[in-house]
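Everything on this sheet refers to the single structure shown next.
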Amino acid sequence: MTLPFDVAPLHAILLIPALAAVLLAVLPSYRIGVAINVLAAGPTFAVSLLLLVGERERGDIFIIDDFNIYLIVLTTFIGFTTAIFSASYIGHELETGRLTPTFLRFYHALYQAMLCAMNVALTANNIGLLWVGVEVATLSTVMMVGIYRTPEAVEAAWKYFILGSVGIALAFFGTILIYLAAQGALGEGAPALAWDVMRQNASKFDPNQLSLAFVFLLVGYGTKVGLAPFHAWLPDAHSEGPTPISAVLSGLLLNVALYALLRFKMIMAANPKTLDVGLIMMALGLISLVFAAFMLYRRRDIKRLFAYSSIEHMGIMTFAFGIGGPLANFAGLLHMTMHSLTKSAIFFAVGHVAQVKDTQRLADIKGLSVTHPTLAVGLALGVVAIAGLPPFGVFTSEFMLVSSSFPRQPWLAVILVFGLIVAFGALVWRLQEMLFGEPVGPAGRVKASYIPMFVHLAIVLAAGIWLPEPVVRWFQAVAAQLG
């Protein structure tokens, strides 16, 4: 294998966060750690942009193709903006005593370890390495969720660890089964683990083994995606962990798990004798959507509210990829991108709200339009965007999905629209409660930066009005690849 131009950027997006994690773990000064965390995430994003102009490349261990290249850029971008937000947000946690300098040191080290692990999972051509990347990212976030060391945070981290371990164990068993299915046609060793080789030869595999493997993979990685009924860890992890971690959980880690699931779905699609995985994904997607939409009405914690919103939108994506076809797959890819940007922006706003109000209880968050008008505008734009109103990009992706669903599965499309309307009502109701009315509780000063929040919202707004031609071509190419 030759070493073309784009191999160096591939190595860099893995090595920069890995080296930063090691360095941050040993540096005693949390102030230097804050700077290094941002300075490592920035170059990682900058280097990932070089992948867009480089040639596609494959090897037995890593691969750069149309499917993962844009997700790498998206992941490193949100990792960078979240690091900027965290740099100013985390100072308040130190001032209030919720975190100590020692905990901050490990927080930053774990943050870079998580980014490295997600990059490994996204670039892996080896399905075993893909599993390792998702597992390391999970363990890193588990420790960050429990970093406040309160009883609630420890319980949330423990629940996340147990359910995540069960899910990843099932995914591991599914990985073994699919390797055994490939081994008969490809022989032992790396070719039987290489995703692209398996996809090219999937028609030669035993369809019964493939079908059984996908069931385990769907439950295993579906737990990480946050699909109902495997979602129980997600609301607790969001509500008890630091807000920057909620942003990357909803905006990035759920995407990586869905990406892994779609890689295996493409192998299944190449063998016409396997079970109809699209039907299963459509069912799980709609169940997650409708369930989460109704649960939005019962939330009393602002971070739990948007955690269930994440379950709702992961259900929408799963349904889109389950129904398949060029338009639905295009809509799913666009929705994945728009949700990542919008939900991370919302959690940035939620972090501001929790700090200035010194609470996450919705009943104690009122009158933001009076006390913090800039914050109120940012939160309102984020909620309006995630609720699916025009002209934001989420509206575009949902409109495309509904348009592609009605001609093919009209009854399922009715359920889809019903779930979207129910969720819309809950989000608008909660938003007007937070923005208007008589202010209650403290009204502290916002100390964290607004810039990451408004940058994300500006991109989502721009995408709803106009998509650049290179992005459209990428979505079309991957939509065709997904089948």
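Here are the numbers for this structure:
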item: Test set (1) closer than 30 Å to residue 104 by Cβ; (2) open to solvent by 10 Å² or more (accessible area, probe 1.4 Å) - residue 215 fails condition number; result: (1)
item: Residues of region 380-391 satisfying the condition of being under 20 Å from residue 301 (Cα atoms) and open to solvent by less than 10 Å² (accessible area, probe 1.4 Å); result: 382, 383, 386
item: Residue check, residue 9 over 22 Å from the mean Cα position of the chain (by Cα) and surrounded by fewer than 17 Cβ atoms within 10 Å (Cβ to Cβ); result: no
item: Within region 175-212, tally of residues that are buried (at least 16 other Cβ atoms within 10 Å of the Cβ), under 29 Å from the mean Cα position of the chain (by Cα), free of Cβ contacts under 8 Å to residues at least 40 places away in the same chain and farther than 11 Å from residue 267 by Cβ; result: 3
item: Residue list for region 86-100, restricted to those being open to solvent by 50 Å² or more (accessible area, probe 1.4 Å) and in a helix (DSSP H, G or I); result: 95
item: Residue check for residue 9: in contact with a helix residue (DSSP H, G or I) (Cβ under 6 Å, 6 or more places away or on another chain) and modelled with pLDDT of 90 or more; result: no
item: Neighbours by Cβ (under 6 Å, 6+ apart or cross-chain): first from region 12-24, within 12 Å of residue 140 (Cβ to Cβ); second open to solvent by 20 Å² or more (accessible area, probe 1.4 Å) and among the basic types (Lys, Arg); result: none
item: Only one of 377, 394 that is buried (at least 17 other Cβ atoms within 10 Å of the Cβ) and in contact (Cβ under 8 Å) with a residue 40 or more places away in the chain; result: 394
item: Matching residues in region 329-367 - criterion: being of a type outside the set (Val, Ile, Thr), at negative phi and either over 22 Å from the mean Cα position of the chain (by Cα) or open to solvent by 10 Å² or more (accessible area, probe 1.4 Å) (or both); result: 330, 354, 355, 357, 360, 361, 362, 363, 364, 366
item: Considering residues of region 420-445 that are of a type in the set (A, V, I, L, M) and not in a helix (DSSP H, G or I) only, the residue modelled with the lowest pLDDT; result: 443
item: Test: residue in region 436-445 that is buried (at least 19 other Cβ atoms within 10 Å of the Cβ) and touching a Leu at 6+ places or on another chain (Cβ under 9 Å); result: no
item: Count of residues meeting criterion [open to solvent by less than 30 Å² (accessible area, probe 1.4 Å), assigned to a helix (DSSP H, G or I) and closer than 20 Å to residue 213 by Cβ] in region 118-147; result: 6
item: Residue 370 outside any loop (DSSP other than H, G, I, E, B) and surrounded by fewer than 18 Cβ atoms within 10 Å (Cβ to Cβ); result: yes
item: Any hit, region 267-274, residues being open to solvent by 20 Å² or more (accessible area, probe 1.4 Å), assigned to a helix (DSSP H, G or I) and of a type in the set (A, V, I, L, M, F, W, C); result: yes
item: Helices (runs of 4 or more DSSP H) wholly inside region 148-233 containing at least 1 residues that are modelled with pLDDT of 90 or more and within 22 Å of residue 287 (Cβ to Cβ); result: 151-186, 207-225
item: Qualifying residues in region 446-460 (those that are exposed (fewer than 15 other Cβ atoms within 10 Å of the Cβ) and either hydrophobic (A, V, I, L, M, F, W, C) or closer than 15 Å to residue 379 by Cβ (or both)) - the one modelled with the lowest pLDDT; result: 451
item: Leading residue by the ranking (farthest from residue 195 (Cα to Cα)) among those in region 37-66 that are surrounded by fewer than 21 Cβ atoms within 10 Å (Cβ to Cβ) and in contact (Cβ under 8 Å) with a residue 60 or more places away in the chain; result: 52
item: Filter result (out of contact with any Gly (no Cβ under 9 Å at 6 or more places or on another chain) and farther than 30 Å from residue 348 by Cβ) within region 269-308; result: 271, 272, 273, 274, 275, 276
item: Some residue of region 304-317 being over 24 Å from residue 413 (Cα atoms) and open to solvent by 10 Å² or more (accessible area, probe 1.4 Å); result: yes
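The values are calculated or read from the model by the stated rules, or taken from the named source; none is laboratory data. Quick caveat: nothing in here was measured; it's all calculated off a predicted structure. Cβ coordinates were reconstructed from backbone atoms using ideal geometry, including for glycine residues, and neighbour counts include every protein chain displayed. Surface areas here come from the heavy atoms of the whole protein model, side chains and all, with no ligands, DNA or RNA. Shrake-Rupley method; radii C 1.70, N 1.55, O 1.52, S 1.80 Å.
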